[in-house]
Amino acid sequence: MADLKFNCPHCQQSLEAPEEMLGQQINCPSCNGAITLPNPESKQTATPPPPPPQTRVCPYCGEEILPSAVKCKHCGEFLDGRNREVVSAPPSEPQKPQAENEIWKGNPSYLYYFGDFFFCGFFLLISVIGIFSHFLPSELLPLPIVLGLFSLLRILYAFLDRNTKVYALTNKRAMCKIGIISRKIHEVGTKDIRNINLHQGIFARLFGVGTVEIESAAAAGQGHVRFMGVKDPLSVRDVIRREKDEADSR
C-alpha cells in the first residue's frame, strides 16, 4: 500500500506514514508534536450539491418566476424594492397655450381718403369765398353755408373713420375693428384662412394703397376680414400668408 506523505503541522517537517495508520495519533520524530492522521472516510468523494432551482416564488403573489427576474410578470411588482408608482413615468404636464403675439397692426392710409379730402376741401374753399364775397345775392347766401358745413362734416367723418378702423394680425387671428359710435369686430383664425385676395384700382395703385381681403373656410360671405385702404398691400398680404403657413405647420 502506498505511504501517506504530509508535513508536520508544528515544525513543517516532511513525514511519511503507511495507510494502515490513518486515523491514528502519532508523534512527530522531529519536534515530538502530536499529529492526528486523517481518517480514511474523509477521503470519500463528497456528494455534489443539488442544482439551483429553475424558478422561485414571487413574495407578493406567490407565483413562480425566473430567479433572475426583476419584475413579476404576474402581479407587476418590482422585486428589488422599487414601487410601481415611483418607477412609472410621471404624467406629462398639460401643454401651455401659446401666447398671442401681435405681428402687424395698422390703419387705412390717408391716401385712401384722398378724394374726400380733395373735393370736400375744394367745396369748403368755394363756400368760404361765397360767404365772404359780395357777388352772391343775400337770398343765395345759405347755399355756400350748407355746402361748407357738409364739406366740413365729410372731412371730419373721413378723419374719424380712418382713426377708428384698426387692423391687426397676430399669430392666432386676423382682426378688423370698425365703428365711430358703435363697434364691430371681425376676425378670422389664421388656421381657418382659405384665401387672401388683393384689390387695387387704378388710382389705388398710383397711390400705393389697396384692400386685402381675408376669406375664411366658413360659408360664403361669412367670417371675412377686409383691411381696406392699407399702405403697401402686397407686403401686408405676404405677412398674412407667411403667418398662415406657420400656423398650418404647427
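When only residues in segment 178-188 that are surrounded by fewer than 16 Cβ atoms within 10 Å (Cβ to Cβ) and within 18 Å of Tyr113 (Cα to Cα) count, which is nearest to the chain's Cα centre (by Cα)?
The extreme case among them is Gly179.
Restricting to segment 227-249, what's the tally of residues that are in contact (Cβ under 8 Å) with a residue 40 or more places away in the chain, surrounded by fewer than 18 Cβ atoms within 10 Å (Cβ to Cβ) and of a type in the set (Lys, Arg)? Please lay out each step first, then the result.
First, pick out the residues of segment 227-249 that are in contact (Cβ under 8 Å) with a residue 40 or more places away in the chain: 227-231, 236-237, 239-241, 243-244, 246-248.
Those left that are additionally surrounded by fewer than 18 Cβ atoms within 10 Å (Cβ to Cβ): 231, 239, 241, 246-248.
Those still in the list that are of a type in the set (Lys, Arg) too: 231, 241.
Residues meeting the conditions: 2.
State yes or no: is Gln54 modelled with pLDDT under 75, within 30 Å of Thr190 (Cα to Cα), polar (S, T, N, Q) and part of a loop (DSSP other than H, G, I, E, B)?
no
What is the residue count in segment 126-154 for residues that are aliphatic (A, V, I, L, M), under 29 Å from Ile181 (Cα atoms) and exposed (fewer than 15 other Cβ atoms within 10 Å of the Cβ)?
The first filter runs over segment 126-154 and keeps only residues aliphatic (A, V, I, L, M), leaving 126, 128-129, 131, 136, 140-141, 143, 145-147, 149, 152-153.
Imposing the further condition that a residue be under 29 Å from Ile181 (Cα atoms) reduces the set to 145-147, 149, 152-153.
Going one step further and asking which of them are exposed (fewer than 15 other Cβ atoms within 10 Å of the Cβ), we end up with 145-146, 149, 153.
Looking only at that region, the number is 4.
Might you let me know whether segment 95-117 holds any residue that is part of a strand (DSSP E or B) and among the small types (Gly, Ala, Ser)?
yes
When residues of segment 227-248 are filtered for being in contact with a helix residue (DSSP H, G or I) (Cβ under 9 Å, 6 or more places away or on another chain) and of a type outside the set (Val, Ile, Thr), how many remain? Outline the logic, then answer.
From segment 227-248, those in contact with a helix residue (DSSP H, G or I) (Cβ under 9 Å, 6 or more places away or on another chain) are 227-231, 233, 240, 243-244, 246-248; that's our starting set.
Restricting the remaining residues to those that are of a type outside the set (Val, Ile, Thr) gives 227-229, 231, 233, 243-244, 246-248.
Residues meeting the conditions: 10.
Quick one: would you say Gly221 is farther than 18 Å from Asn101 by Cα and modelled with pLDDT under 90?
Answer is yes for this residue.
Conditions first: (1) under 35 Å from the mean Cα position of the chain (by Cα); (2) modelled with pLDDT of 80 or more; (3) surrounded by 10 or more Cβ atoms within 10 Å (Cβ to Cβ); (4) assigned to a loop (DSSP other than H, G, I, E, B). Arg82 passes all but one, so which condition is the exception?
(2)
Which of the residues that make up segment 155-214 are out of contact with any helix residue (DSSP H, G or I) (no Cβ under 9 Å at 6 or more places or on another chain), assigned to a helix (DSSP H, G or I) and not charged (D, E, K, R)?
The answer is Leu156, Leu160, Asn163, Thr164, Ile202, Leu206.
Output the residue which, of all residues in segment 163-175 that are within 14 Å of Thr211 (Cα to Cα) and not aliphatic (A, V, I, L, M), is farthest from the chain's Cα centre (by Cα).
My answer is Lys165.
Just need a number here: residues in segment 122-146 that are more than 60 Å from the chain's Cα centre (by Cα) and either of a type in the set (Asp, Glu) or assigned to a helix (DSSP H, G or I) (or both).
Just the residues of segment 122-146 that are more than 60 Å from the chain's Cα centre (by Cα), to begin with: 125-146.
Next, from what is left, pick out any that are either of a type in the set (Asp, Glu) or assigned to a helix (DSSP H, G or I) (or both): 125-132, 138-140, 142-146.
So the answer is 16.
The values are calculated or read from the model by the stated rules, or taken from the named source; none is laboratory data. Because the structure is predicted, anything quoted here is derived from the model rather than measured. Methodologically, a virtual Cβ is constructed for each residue, glycine included, from the backbone with ideal geometry; neighbour enumeration extends over all protein chains shown.
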